[in-house]
Structures are given as structure tokens and as C-alpha cells.
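Q: Quick one: structure below, then a few questions.
The values are calculated or read from the model by the stated rules, or taken from the named source; none is laboratory data. Everything quoted here is computed from the prediction, not taken from an experiment. Cβ coordinates were reconstructed from backbone atoms using ideal geometry, including for glycine residues, and neighbour counts include every protein chain displayed. Remember, those area values only see protein heavy atoms, side chains included, never the ligands or the DNA or RNA. Shrake-Rupley method; radii C 1.70, N 1.55, O 1.52, S 1.80 Å.
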Amino acid sequence: MIVEVALPIPVERRFSYSVPPKWQPHMKRFLRVAVPFRMRSLTGWVTEIKAEGEHGIGLKDVLAVSDLFPLVDGTMERLTYWASQYYITPLGLVLKHALPSGHEIEKYLSAQMDSCSGEPPMAMKKALASLGREKVISLRNAGSLRMYNTFDGSPFEPLPPTRESMRSDTPGNTLFLGGIESRLEYYSSLIRDRLAKNENILMLLPDYHQTGNYFSRAFLEKFPGKVLWYSSAVKAKTRMETYFKAQSGGGYLILGTRNCVFLSICDLGLVIVEHQEEDFYRNEENFRFNASTVAIERARLVGVSAVVGTASPSTEIWREAEEGRVSVVEKGLPTNRGFTESILEKNIAVYDGLPKELTETIAARIRESRRIALYTPRKDYASYIRCLECKTLFSCPVCHAAFSYRKSTNSLVCAACGRKSPYEEKCGQCGSELIRFSSIGAEYLEEHVRRLFPHVPVARITGETPKKELDLLKKIPADSPLVIAGTQALANMYGFTVNTLILLGWEELSRISGYRAHEKMFHILIHLIDALNPEEVRFFMERKRRADPSLFLDVREFCREELARRKAADFPPYARFFLVDVKKKNEKTGLKTVNGIKNMLAEIGYTGGIIGPLFQKRERLHWRMILSGNGDPLYRLLMGLYNIPDVRIEADPLYL
């Protein structure tokens, strides 16, 4: 018997192995098997059983079968194949991210043999230790061994790995535009209907600790005993209990973050994606995918509706709506409120303190016992450090991005690669101690507000703020003065309202977010208003960089205009971008690889869709190419590049 195995490595091809006689009776598609690969052992997935017989001539043998049963059901088979092709990622890397560990599942299983029917089931770990994996698999395939989950003792049988046919009556998808209260009401109505039919609902949320907790509490009150969580942020035991319940029957609301989109679920009746436009759905590991996009495709494959709920739709979903592929329901958008602008005449540098206009506004609101939220796009003390003598910008020696300064640890931090260095108060180029910090962040705002208003509680909210600090913040009485300074993380603080929302430096997003800059400004502004529900919104902007807030507060008009600009430029969502990275140890082999890729592109007639035209950037023997286009010839070529060493492909990169 010969099998094709997908390995969890950045190589597009599958590898053939011969199956020893003892494992042949147990071999099934999508079982995990241990195989030899380049002087080591790797665990991969059987994607095809190619031939019967004892051995393949010249092929290495499968070493062992790692799983009691395939972890891929029919839906996951089709979804992982689709994700592999759409995101130009080898199937082995997709499966590695998408599936839970087989040993993690076995930890919560017990086994009972027919010959021991009068005895209680034994832990699967004990059964494997006493009988051996081969014997346990043999008994299970023969029907002589039954499995139970250890949570409630009910029988467990995994969903079958068969190729399911698509339904012909797939219902349409819906974009629900509304504020948080309207969305909760709408979701609850849909969930109640599906639970009544004993169906399962999959709901994706951008994060667990803030947005996730808010929705979880709301749904637990409405649907007690029906809400489950599947996320890497929850304890393994809680996650695995959800795994078993999702496969054993219907009638659950399954909440989760990115990896939940690949959870096997029987009787799936509805898919909901909250905040589909959030970058938090983007996975940044070896398999770079967008979970909200995968969730919508999963709904299509299963033949159920997908509902996208938000106050600020992405350009991708709005295009679907404009072209009639998604219906739009609108209720209670939170943008019908006024705003005030204060124009600052000069750039805000760290040593200049806070602008007078800003401190006067904060002082006035504190006298009125108001809650104030200060938004800034940066989290550290300052984002640029420059020598005033030689004009050198402090930058990362690895990726050359600008260093930011983190005062709490007196360190320099690279936002691009995460490198940290101790801060020495002198220039590394000329030795001068005349250093200037600029572009202030949340850490700077917190320090200066505390200094100016020592009698008022002040907090800093970023993506790194511990949950216990957030919980303490919510215990402060609503009628007491409070100032919180933070980044985009403020937009996840649902259930915590403020009286005044102040945006300082919001307009700077127009030059730091690439072609998605205006869309990023739009999402952050609307999310902040949606989550914090302020009575007033104030903008403090530099005159030379001023952006008109009114252009971002009309949701429909903003989406129409942004799509028109994207279409004219043939940018996403009307085309796709692909980032090709080439990293080599020497220039000769690097240039040879780059020129080879150019020739491959020319062979398929690909010339007009290259951004730059072909953009090369050499930094420590590092070349980058940005390609634009659609279509199977380009997709096949890109997937084939994985067979070239030291080449990486990223589909739909966030920042260009």
C-alpha cells in the first residue's frame, strides 16, 4: 500500500510512503502518521491511498499511525483544501493549524472493550499503555471497542470523513449594520430560532478577553447552559469539552476566536461573524489567513447563512452588498452625533508637554465629574527618537524600522519585528546626548495626565493591559471623574461608557497604514464610538495633517467613495495582493532566485499586474515582490514557489 502524506512544512508537494503490513488494515484518509523525513521523524496527514500491495519500491515506510481516528470530517476536508488554495499555503501547514492535537483529544476519552462490558470504561491513556496503539485501533475498527468522553460519560463517535454534497438551496448572507445593542438584539433573535430547531450556531469574535467576554455574558443570561467557548485563550479542558459537545449533537451557541473557524461541528445551522473587518481575525503564523473570510466560506460549503454584524463594514463585504450577493439590514448605527475639532499649530513632541487646548478640555470635564477616553494610535512613550546633532533616526538593526521608546522598561522596541534593546541616552552614530523624542503615545499621555491631575484616577489601555486591571477599572463609579488613555484597544471595551471621547493623532493613520489608511481611520473611529458610546467626540489634529471627520461618519457614503477609489486603482477588493519574500545567505543565489521568479511570471504572460512594477528591496539579502492579480494560473505559480527554498508567500498582506 502506498499513501500520499502532507507534511507540516513550507513545501507544496505531497510525499509518498509505503505502509507496512501491520498498519495497512487501519489506514484511512486524513489519519496522522509518523514518517521519516531528512534524518528526522515528522507527523503528517494521509491525503490519498494510492495503491494496494505490500510495499512501494524504493519508498520509505510509514513509522506509525498517530491517531485512533481521522480528525478531519467532510466539511473540514473541503474547507482546508479551499483555504490552502485561496491563501497559497501548503495543505500540511493548514492542517497543522486547523486541527487539535490527537493526543489532546485522547486525554479526555475512555475506552470499553466488549470482553469487559461488565466493568467501567478505562482511561484511553491506560488502554493505550496496556494494549498498544495498534491493538486499540484494531479493536475500534472491528467494532469491539467503544469510546466515551470523560466529561459526561456519553458515547463518542467522530464525524465521518466523507465527502459531503453541497445543498442546492443555500440561503443568502446578510450584512447587519447597527450599534452594539441593535446587533445583540438581532443576533439573539437568530440564535433563539436555531436553538429551537436543535441546531448549532458558530459565532466568531475578534478577541476573548474584552469583546468576547462582553458577548459571552450577554448570551449566558439569555441562553443559560447553551453557550460554549472554543479558543486558545481558554483552558484546554474547557476547549476540549466544547470539541466533544460540538460533535455529539445540536443546540449550542459556540463562541470562538480565529482557530474556532476550523472546529468540527455537527448540525451547523448558522454562522455569525462579529466585527468582520477587524485585523484581529488575521492569523500571523505560518498559515496566514483571515478567519472571518474562512467562516463565510464555511457557511457556503455547509449550505447555511452567514451573518456579518458591524457598525463599520469592510470594503470587501460592502462590495458584496453593492453587487447583490449580500443583503443589508440597518438599525441603530451609532454615528448620528456631532463632533468638535481643535486645530494644533505644531507637531507634538515629548518634551513639549500636552497642548494647552487639550489640558483645558480635560480639566473642564473633570470638574463636571466626567469620564474621558483619550485615543492615540501609539502605545509607547514616543515612536520616534532622533539625534539632534547628526539627525540620525534610532532604528532597528535587523529590519530598519524606527524604534519606539518604552519608558516603563527604559528600552527601545521595534514595532515591526519586536526586537528590544536597552536605551542609552546617546546617539549610536555620533555619541551626542542631544536626543529628541516625538510622536507621543499612550504611555506618555498617562504620565502627563497623572502629573497634571494627581487627584483623578488615570489608566492606560493597550492590547497588553492585563484583564485584572480592566476589571478594576470597571468598578469605578460612573459618576466619578476618570481619564483613560489608550490605543485601538479602547474600541473593544464594550459595556464601559465614557462621556467624552478625545482623539489625538487620529489623522496620522493616513500616513502609517498604507493603501488601507482611510479604511483604518474609518474603522477605528466608528468602533470607538460604538464601544464607548460617548456623549461628545473631540478631535485634536495638526493643521497640516487635518482630516475631515464628517467624511468618515456617514457609513454608506464612506464605503461607496472608498470602493470607487479602490476600483479605479484596481486595488483590493477588486484584485488581490501577494507578497513574495526571498531570503538568501548570499547575493548570487538570491538574485538567481529572483530572476527565476521573473521568468516564471513572464512564461504565464504575467506582466501588467505587478506593483512597482516588480519591486525589489534588498535588506540583508532580502528581496520582496508585490504581485497583484487573480486567477488560477497565478495561484498555481505562487503555490509552486514553495518548492524553491527560502521563498515565502503571503496572500492579502495587511500593510503595503
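Q: Would you work out which of P397, T242, M147 lies farthest towards the positive end of the dipole of the chain? Charges go on Cβ: Lys and Arg +1, Asp and Glu -1.
A: P397
Q: Among 306-315, 146-155, 284-293, how do they line up from the highest to the lowest mean number of other beta-carbon atoms within 10 Å?
A: Working: 306-315: 25.0, 146-155: 15.3, 284-293: 19.9.
Descending mean neighbour count gives 306-315, 284-293, 146-155.
Q: Give, rounded to the nearest 20 debye, the magnitude of the charge dipole that segment 94-251 has about its Cα centre when Lys and Arg contribute +1 at Cβ and Asp and Glu contribute -1 at Cβ.
A: The calculation lands at about 300 debye.
Q: Output the 0 to 90 degree angle, nearest 10, between the alpha-carbon long axis of helix 442-452 and the longest principal axis computed from the alpha carbons of the chain.
A: Rounded to the nearest ten degrees, it is 40.
Q: Continuing with the same structure: On the protein heavy atoms, probe 1.4 angstrom, tell me the percent of accessible surface of the chain carried by carbon and sulfur. Could the numbers behind the result be given before it?
A: Numbers: 14340 of 28820 Å².
After summing per-atom areas, the C and S share lands at 50 percent.
Q: Where Lys and Arg each count +1 and Asp and Glu each count -1, what net charge lies around Q247 among other residues with Cβ under 12 Å from its Cβ?
A: On the way: positive: K245; negative: D73, E157, E241, D267.
Neighbour charge sum, excluding Q247 itself: -3.
Q: Something else now. Could you tell me how many degrees, from 0 to 90 and to the nearest 10, lie between the Cα long axis of helix 74-86 and the main elongation axis, the longest principal axis, of the Cα atoms of the chain?
A: It works out to around 50 degrees.
Q: Below 11 angstrom from the Cβ of T487, what's the summed charge of the other residues (Lys, Arg +1; Asp, Glu -1)?
A: Here the charged neighbours net out to 0.
Q: Give me the one-decimal nm value for the distance between modelled label points at A123 and E389, 7 Å along each residue's Cα-to-Cβ direction.
A: Taking the two extended label points, one gets 6.6 nm.
Q: How high is the FRET efficiency between I343 and Y515 when r is their beta carbon distance and R₀ equals 35 Å, given to the nearest 0.05? Can you show the working numbers first?
A: Values: r = 27 Å, r/R0 = 0.77.
The calculated FRET efficiency here is 0.85.
Q: PRE reach from L621 (point 7 Å along Cα→Cβ): which of segment 375-413 fall under 17 Å by backbone N?
A: Of the residues in segment 375-413, 398-399 have backbone N under 17 Å from the label point off L621.
Q: Using a 10 Å cut-off on Cβ atoms, rank the peptides 209-222, 405-418 from the highest mean neighbour count down.
A: 209-222, 405-418
Q: Enter the angle in degrees (range 0 to 90, nearest 10) between the Cα long axis of helix 555-569 and the first principal axis of the Cα atoms of the chain, meaning the one along which they spread out most.
A: Relative to the chain, helix 555-569 is tipped by roughly 70 degrees.
Q: Consider a paramagnetic label point 7 Å from the Cα of E433 along Cα→Cβ; state which residues of segment 365-403 have an amide N under 15 Å from it.
A: Zone members listed by number: 388-389.
Q: Follow-up question, since we're still on this one. Quick check for segment 506-656: number of Lys pairs with alpha-carbon distance under 20 Å, counting only pairs 8 or more apart or on different chains?
A: Lysine pairs satisfying the spacing and distance rule in segment 506-656 number 14.
Q: Moving on. Where only protein heavy atoms count, and the probe is 1.4 Å, what is the accessible area per residue for the chain in Å²?
A: Dividing the accessible area of the chain by its residue count gives 44 Å².
Q: Once you sort the root eigenvalues of the Cα gyration tensor of the chain as a ≥ b ≥ c, which label holds: rounded (a/c under 1.5), prolate (a/b larger than b/c) or oblate (the other case)?
A: Verdict is prolate for the chain.
Q: In 10 Å bins starting at 0, how do the alpha-carbon pair distances of segment 475-544 split up by percent?
A: Here the calculated profile for segment 475-544 is 18, 51, 24, 7, 0.
Q: Right, here's the next one. Which of the listed residues, I57, T47, L95, is farthest toward the dipole's positive end in segment 45-115, when Lys, Arg count +1 and Asp, Glu count -1 at the beta-carbon?
A: With unit charges placed on the Cβ atoms, the residue in question is L95.
Q: Quick check: net charge around E185, other residues with Cβ under 15 Å of its Cβ, Lys/Arg +1 and Asp/Glu -1?
A: Net charge around E185: -2.
Q: Using the Cα centre of segment 235-297 as the reference point, and only Cβ charges (+1 on K/R, -1 on D/E), how large is the resulting charge dipole? Debye, rounded to the nearest 20. Don't skip to the answer; put the middle values down first.
A: Details: 7 positive and 9 negative charges, 76 e Å.
Result for segment 235-297 is approximately 360 debye, rounded to the nearest 20.
Q: If you don't mind, another one. Which shape class, rounded, prolate or oblate, goes with segment 195-244 when its Cα gyration tensor gives a ≥ b ≥ c as root eigenvalues, a/c under 1.5 marks rounded, and past that a/b bigger than b/c marks prolate?
A: Working: a/c = 1.81, a/b = 1.18, b/c = 1.54.
Oblate is the answer for segment 195-244, as a/c is 1.5 or above yet b/c matches or exceeds a/b.
Q: Is there a quick way to get the dipole size of the chain? I mean about its Cα centre, with the Cβ of Lys and Arg at +1 and of Asp and Glu at -1; what is the value in debye to the nearest 20? Each step should come with its number before you reach the end.
A: Values: 90 positive and 77 negative charges, 325 e Å.
My answer is approximately 1560 debye.
Q: Moving on to the next point. State the answer as a single residue: which of F289, L205, L473 lies farthest towards the positive end of the charge dipole of the chain, with beta carbon charges of +1 for Lys and Arg and -1 for Asp and Glu, about the Cα centre.
A: In the chain, that residue is F289.
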